[in-house]
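Comments concern the structure below.
The values are calculated or read from the model by the stated rules, or taken from the named source; none is laboratory data. Please read these numbers as outputs of a predicted model, since none were measured by experiment. All Cβ positions, even for glycine, are placed from backbone atoms using ideal geometry, and neighbour counts span all protein chains on display.
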Amino acid sequence: MTRMNVTYKYLDKVDSPQDIKSFNMEELKELCAEIRHYMIECCAVNPGHLGSSLGAVELVVGLHYVYDAPQDKIVFDVGHQAYAHKIITGRREAFRKNRMKDGISGFPKRSESEYDSFGVGHSSTSISAALGFAEAAKLLGQDNKAVALIGDGSLTGGLAFEGLNNAGASKADILVVLNDNRISIDRNIGALHEYLLKMTTDPRYNRMKKRVWDGLGEGKFRDMIHRVVSTTKSHMVRERGGHLFQAMGFRYFGPIDGNDIRQVVETLRKLKEIGGPLLLHALTKKGKGYEPAENDQTVWHAPGMFDPETGERLKNDKGVSRYQDVFGEVLLDLARRNDKVVGVTPAMASGCGMNMLAKEMPERFYDVGIEEEHAVTFSAGLAAGGMKPFCNIYSSFSQRAYDQIMHDVALQGLPVTLCLDRAGLVGEDGATHHGCYDMAIYRALPGTVIAAPRNETELKDMMYSAMLSETGPYIIRYPRGYGEGVPWRETDYSVLEPGRGEKLIDGEGLAVICAGPVANRAVEAALQLREETGWNPAIYNIRYIKPLDAGLLEEVGKSYDRIITVEDGCVTGGLYGAVAEFMAVQPVPVPVRPVGIPDLYISQGTQEELRAECGLTKDKIMASILEEKDFLCKKV
């Protein structure tokens with residue numbers, strides 16, 4: 001792969017936002033081009049969220065040029081747009097280790113920089129946070145400005161509208177910059193997206209443009225007409241936009257070309273002098289400035305490693321199915337077999353594998369936008385109406401819908417299957433995205449099933465078992481990435497009864513109880529221990545954290561002197577909590593020691609690095625077993 005390391009005329013001079021304030025417009029334009037080039041150079045070898053940040057460069061540079069961070073607060077939504085912000089706020093060289101272990105976070109993080117005014121990772125939070133900054137400044141008698149930069153995908157989230165409603169009613173001094181690129185991760189859908197799209201595709205404008213353009217040649221006269229038409233378009237869109245945002249108490253401005261640095265700066269300068277709730281509508285292109293990213297915006301949201309010169313993505317195919325592919329194929333097969341099966345996702349269709357169902361059976365696929373709470377309650381309504389919804393939400397994002405999972409699904413016992421993708425340690429996205437807490441969070445809900453498959457076949461069979469269930473929620477949690485390589489496509493479906501685990505390896509003295517794919521690493525550790533030392537621990541796959549297999553645990557309590565639990569989740573309240581609670585009330589309590597994610601927020605790194613940090617690799621599990629060797633049989 002060709003490396004693109006170059007000397008940057010302007011970017012190399014920028015160590016803080018103060019350094020760009022002396023640049024003229026042409027220099028700012030060159031700076032934006034250099035920032036894009038640098039992003040591509042870095043992300044080619046160290047993957048990240050590229051497309052959104054490429055599209056937002058001028059908006060970010062313009063905001064830092066006009067406003068005075070860190071005194072003025074620039075709040076990002078999600079953080080997918082924030083790479084330019086990181087690069088010009090003193091982290092240019094550190095960006096080469098973006099999302100790496102011991103490097104900088106891929107998202108704004110308050111502990112990382114004074115310029116990161118608010119930590120983000122999930123969507124739709126920026127307006128509420130910026131409103132908080134605006135009100136705090138007013139109460140403290142400060143003249144600080146507050147700006148929220150939010151994408152049109154994030155604007156679909158309910159929290160964004162709660163923030164808009166409150167900010168408009170409070171008359172707070174806040175600017176919301178709507179970065180409208182018409183796509184979040186996958187293509188945006190829903191009424192709001194259609195509304196924004198209509199604002200920029202008004203038929204009156206387009207009919208007039210076609211008639212005029214067809215009758216004109218190249219030259220100055222055509223350029224003059226272009227300016228007139230652009231003014232007319234802006235008037236039409238402003239008129240439409242005012243209806244929505246003015247009703248919420250905001251003054252609407254735009255749309256502007258969010259990839260024109262001069263227009264961005266001139267507009268922001270004017271708006272900075274106007275008080276009250278303001279909304280600036282900026283049209284940008286996701287992937288701007290890099291042709292492969294412009295042409296395939298979904299793939300280039302986070303493309304992995306690639307050749308920056310050719311745009312060729314570097315494949316990392318291990319010949320093993322990803323859990324996401326298993327989910328997608330099984331869901332489609334279940335939908336073919338059962339016409340009540342439907343799929344629901346909050347804007348994660350391609351990431352979770354539900355795009356397979358969307359392609360073949362679009363009428364039974366629902367992408368509700370970035371609306372986790374709505375996705376769950378909508379699924380509850382589908383279930384109450386007689387359907388079998390499979391609602392796929394990333395584990396970390398499901399936390400936003402806890403109330404709906406509890407009140408709308410669990411309390412009513414509705415047969416909703418919640419597939420919590422990205423459970424456990426997700427890797428480079430870091431603390432905001434790790435799915436550490438689902439077992440502990442949902443274990444308290446009566447009538448809930450929580451399943452943790454240890455391989456692809458168990459995921460397949462748990463989905464089948466969930467489809468047959470008449471109550472819910474039925475939660476299936478599984479990790480990001482590749483499975484174990486078992487031949488799951490070659491087996492028929494089997495019912496895995498909730499509350500039934502299995503013994504994988506018999507042993508003496510100590511029992512290791514596992515949940516999820518870490519059971520495979522425990523087996524590997526036990527077999528190596530047998531061969532190298534003669535120590536002989538027993539290994540159990542619990543399968544279901546709720547309901548627990550009481551018979552299995554009673555057997556363990558009577559047969560072993562020590563228990564280790566191993567889980568790819570937080571040990572506080574998860575599998576460890578469940579087993580320790582069970583053993584504590586037995587006639588002869590057995591000591592239980594946990595291995596899993598500690599009571600800390602785990603930063604970014606590769607999955608393997610983070611699993612080693614938390615003691616979840618084969619070697620680390622083996623070391624934990626050896627710490628209990630006094631309770632093990634001396635020889636097999």
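Just give me the residues in the range 321-335 being in contact with a strand residue (DSSP E or B) (Cβ under 8 Å, 6 or more places away or on another chain) and modelled with pLDDT of 95 or more, in sequence order. R322, Y323, Q324, F327, L331, L334, A335, listed by residue number.
Results for (1) in contact with a Ser or Thr (Cβ under 8 Å, 6 or more places away or on another chain); (2) in the same structural domain as G596 (by TED's automatic domain parsing); (3) over 27 Å from S123 (Cα atoms), shown as yes or no for each residue.
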| position | (1), (2), (3) |
| --- | --- |
| S395 | no, no, no |
| R400 | no, no, no |
| D403 | no, no, no |
| D421 | yes, no, no |
| H433 | yes, no, no |
| R443 | no, no, no |
| E458 | no, no, yes |
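Restricting Y474, Y442, Y464, Y478 to those that are in contact (Cβ under 8 Å) with a residue 12 or more places away in the chain, hydroxyl-bearing (S, T, Y) and either more than 27 Å from D403 (Cβ to Cβ) or surrounded by fewer than 21 Cβ atoms within 10 Å (Cβ to Cβ) (or both) reduces the list to Y464.
Residues in the range 148-183 that are surrounded by fewer than 22 Cβ atoms within 10 Å (Cβ to Cβ) and either of a type in the set (S, T, N, Q) or not assigned by TED's automatic domain parsing to the domain that holds V264 (or both): N165, N166, S170. Looking only at the range 400-430, residues that are touching a helix residue (DSSP H, G or I) at 6+ places or on another chain (Cβ under 6 Å) and part of a loop (DSSP other than H, G, I, E, B) come to 6 in all.
Give the residue that is nearest to the chain's Cα centre (by Cα), with candidates limited to residues of the range 21-53 that are among the aliphatic types (A, V, I, L, M) and either over 15 Å from I88 (Cβ atoms) or part of a loop (DSSP other than H, G, I, E, B) (or both). This residue is L50. Inside the range 311-335, residues that are touching a Pro at 6+ places or on another chain (Cβ under 8 Å) and either within 28 Å of G381 (Cβ to Cβ) or in a loop (DSSP other than H, G, I, E, B) (or both) make up a count of 2.
With the condition kept exactly as written, say whether any residue in the range 568-581 is of a type in the set (V, I, T), surrounded by fewer than 18 Cβ atoms within 10 Å (Cβ to Cβ) and under 27 Å from the mean Cα position of the chain (by Cα). Yes, the conditions are met somewhere in the range 568-581. Taking the range 520-552 as the region of interest, how many residues are free of Cβ contacts under 8 Å to residues at least 40 places away in the same chain and either touching a Phe, Trp or Tyr at 6+ places or on another chain (Cβ under 6 Å) or small (G, A, S) (or both)? Final tally of qualifying residues: 2. Considering only residues in the range 336-357 that are out of contact with any Asp or Glu (no Cβ under 7 Å at 6 or more places or on another chain), closer than 27 Å to Q399 by Cα and assigned to a helix (DSSP H, G or I), the one that is modelled with the highest pLDDT turns out to be L357. Residues that are of a type in the set (S, T, N, Q) and either part of a strand (DSSP E or B) or at pLDDT 95 or above (or both) within the range 473-515 comprise just one, S494.
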